[in-house]
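*Asks:* Got a structure here, written out as structure tokens. Questions coming.
The values are calculated or read from the model by the stated rules, or taken from the named source; none is laboratory data. In this text, all values refer to a predicted model and were calculated from it rather than measured experimentally. Cβ: placed from backbone, ideal geometry, glycine included. Neighbour counts: every protein chain shown. Only protein heavy atoms, including side chains, enter the accessible area calculation; ligands, DNA and RNA are left aside. Shrake-Rupley method; radii C 1.70, N 1.55, O 1.52, S 1.80 Å.
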Amino acid sequence: MGLSTFREYRRLGINFDVIEYPDNEAQGWVFALLHQLPLVAHLHSFYPFLIHHRELPLIRDILCDGGIPISADTLRACSMEGFPMRRADIITSPSQMLVEKLKEIGWLNGNQTRVLPHPIDWARWERIPPASSSPPVVLYVGRVERHKAPEVLAEAISIIRKKVPKAESHFVGVSNGKREGLPYVDWMKKTFGTLNGNGYQFIGQVPRSQLPNIYARGRVLAVTSCYEAYSMSGVEAMAAGRPVVVTSTTGVAELIREARAGQVISPGDPRALAEALLPFLIDPDYAARMGEKARAHIRENHDPASAAAKREKVFEEAIATFRRH
């Protein structure tokens with residue numbers, strides 16, 4: 001991938017001021033090797049951290065269920081992806097948590113880092129009615145796979161329905177990976193059942209144009225991931241005026257704490273998730289107030305024009321750093 005990216009760069013013949021590349025597939029390794037221009041590397045993945053801790057049972061299961069074999073080739077690929085990160089003039093990340101986790105394993109080599117949360121066209125979500133207009137539905141939006149731990153929400157709903165019998169969980173997203181030999185959604189249906197009296201509905205993947213309608217039908221979003229660098233569904237739910245309950249090992253937890261628009265819990269704890277969700281399901285007005293805090297925070301801090309200005313400043317810093325070196 002790195003060679004083909006560099007060939008395309010040469011074919012274009014454009015005199016770029018800065019080269020920016022992601023961490024995946026070592027797309028920037030040729031640019032990093034030559035280092036003829038200012039370089040900005042962007043983090044997006046937890047996989048180097050997971051691979052470093054691959055001996056832990058849960059992480060081993062996450063990697064294997066996600067189709068990532070723990071092999072010498074995987075380790076070499078991870079090392080290759082790390083090289084252009086360490087050679088960059090500045091590294092950007094969607095969350096501070098991802099930076100800290102990768103620093104733990106020595107992947108960033110002391111480079112300058114800047115946190116640049118993803119922008120969102122918040123005006124698109126403004127017309128969604130407040131959370132108080134929605135039934136007691138907990139949304140899960142994203143791929144249904146091992147590292148996102150959707151089964152934790154399914155277990156939490158069984159606890160919640162003892163106090164809120166009409167509560168439901170709606171899972172929106174494509175099934176990815178397998179568990180016990182079954183596609184992940186099929187494993188969940190076998191384990192937890194479907195909506196028929198159980199409170200679970202598996203909607204599957206929907207076009208992005210339908211997402212505003214999806215968020216409108218739920219009162220609160222649950223982000224249950226064991227590990228996740230960010231969560232665009234979390235940001236979208238905030239823009240839609242929905243409170244968010246998120247695990248502490250998900251990058252968007254930083255936003256929820258700043259906005260005070262939801263709850264942050266430990267991963268893998270269905271009872272803690274149930275307790276955090278219950279206030280929003282019991283009191284729709286409380287959910288609406290927290291949702292409006294979330295919406296206001298996104299308007300103020302994730303505007304596309306503001307995000308573009310911050311990224312431009314990072315490019316200027318990279319140019320200055322390159323010149324000093």
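*Asks:* If you roll a 1.4 angstrom probe over the protein chains with everything in place, what fraction of the accessible area of segment 136-207 belongs to carbon and sulfur, to the nearest %?
*Replies:* 48
*Asks:* Next up: How much accessible area per residue does segment 139-262 have, counting only protein heavy atoms and a probe of 1.4 Å, in square angstrom?
*Replies:* Per residue, segment 139-262 has an accessible area of 37 Å².
*Asks:* What order do MET188, MET290, MET1 take when sorted by accessible area (1.4 Å probe), most exposed first?
*Replies:* Order by accessible area, largest first: MET1, MET290, MET188.
*Asks:* Among ASN213, ASN15, ASN109, which one shows the highest mean-square fluctuation when the chain is modelled as a Gaussian network with alpha-carbon springs under 10 Å?
*Replies:* Evaluated over the chain, the most mobile residue of the options is ASN15.
*Asks:* From the P(r) of the chain, could you give the percentage of C-alpha pairs in the tail past 36 Å?
*Replies:* The share of Cα pairs beyond 36 Å in the chain comes to 24 percent.
*Asks:* Still on this model: Just to confirm the filter: which trypsin sites (Lys or Arg not before Pro) across segment 227-286 are DSSP coil and have at most 15 other Cβ within 10 angstrom of their Cβ?
*Replies:* Loop-located and lightly packed - ARG260.
*Asks:* Hey, what's segment 1-110 come to in accessible area per residue, 1.4 Å probe, Å²?
*Replies:* That works out to 50 Å² for each residue.
*Asks:* Starting from the 7 Å offset along Cα-to-Cβ, what nm value, one decimal, do you get for the label separation of SER4 and ILE159?
*Replies:* Between SER4 and ILE159, the label points sit 4.6 nm apart.
*Asks:* So for segment 33-178, considering every pair of alpha-carbon atoms, how many percent are separated by more than 28 Å?
*Replies:* For segment 33-178, the share of Cα pairs beyond 28 Å comes to 41 percent.
*Asks:* I would also like to ask the following. Given axes a ≥ b ≥ c from the Cα gyration tensor, I'd like to know whether segment 217-289 is rounded (a/c under 1.5), prolate (a/b larger than b/c) or oblate.
*Replies:* oblate
*Asks:* Roughly what angle does helix 150-160 make with the longest principal axis of the chain, taking Cα atoms, 0 to 90 degrees, to the nearest 10?
*Replies:* 30
*Asks:* Which FRET efficiency value, to the nearest 0.05, is calculated for HIS35 and ASP269 with the Förster distance at 56 angstrom and r the Cβ-Cβ distance?
*Replies:* 0.80
*Asks:* For TYR286 and GLU104, what does the FRET efficiency come to when R0 = 45 Å and r is the distance between their Cβ atoms, rounded to the nearest 0.05?
*Replies:* Plugging the Cβ-Cβ distance into 1/(1 + (r/R0)^6) gives 0.75.
*Asks:* With a sphere of radius 13 Å drawn around the Cβ of VAL137, what net charge do the other residues whose Cβ falls strictly inside it have (Lys, Arg +1; Asp, Glu -1)?
*Replies:* Local charge sum for VAL137: +4.
*Asks:* Which of SER133, ALA237, VAL185 sits farthest toward the positive end of the charge dipole of segment 130-281, with +1 on the Cβ of Lys and Arg and -1 on the Cβ of Asp and Glu?
*Replies:* Towards the positive end, the residue furthest out is SER133.
*Asks:* Sticking with this structure for a sec: At 1.4 Å probe size, with the rest of the protein present, what percent of the exposed accessible area of segment 217-325 is carbon and sulfur atoms?
*Replies:* 49
*Asks:* If the elastic network links every pair of Cα atoms under 10 Å, which of GLU312, GLU228, GLU275 fluctuates the most in the Gaussian network model of the chain?
*Replies:* In this elastic network of the chain, the residue with the biggest mean-square fluctuation among GLU312, GLU228, GLU275 is GLU312.
*Asks:* Further question on the same structure: Take the chain, connect every pair of alpha-carbon atoms lying under 10 Å apart with a spring to form a Gaussian network, then pick out the residue of ALA240, ALA305, ALA296 with the largest mean-square fluctuation.
*Replies:* It is ALA305.
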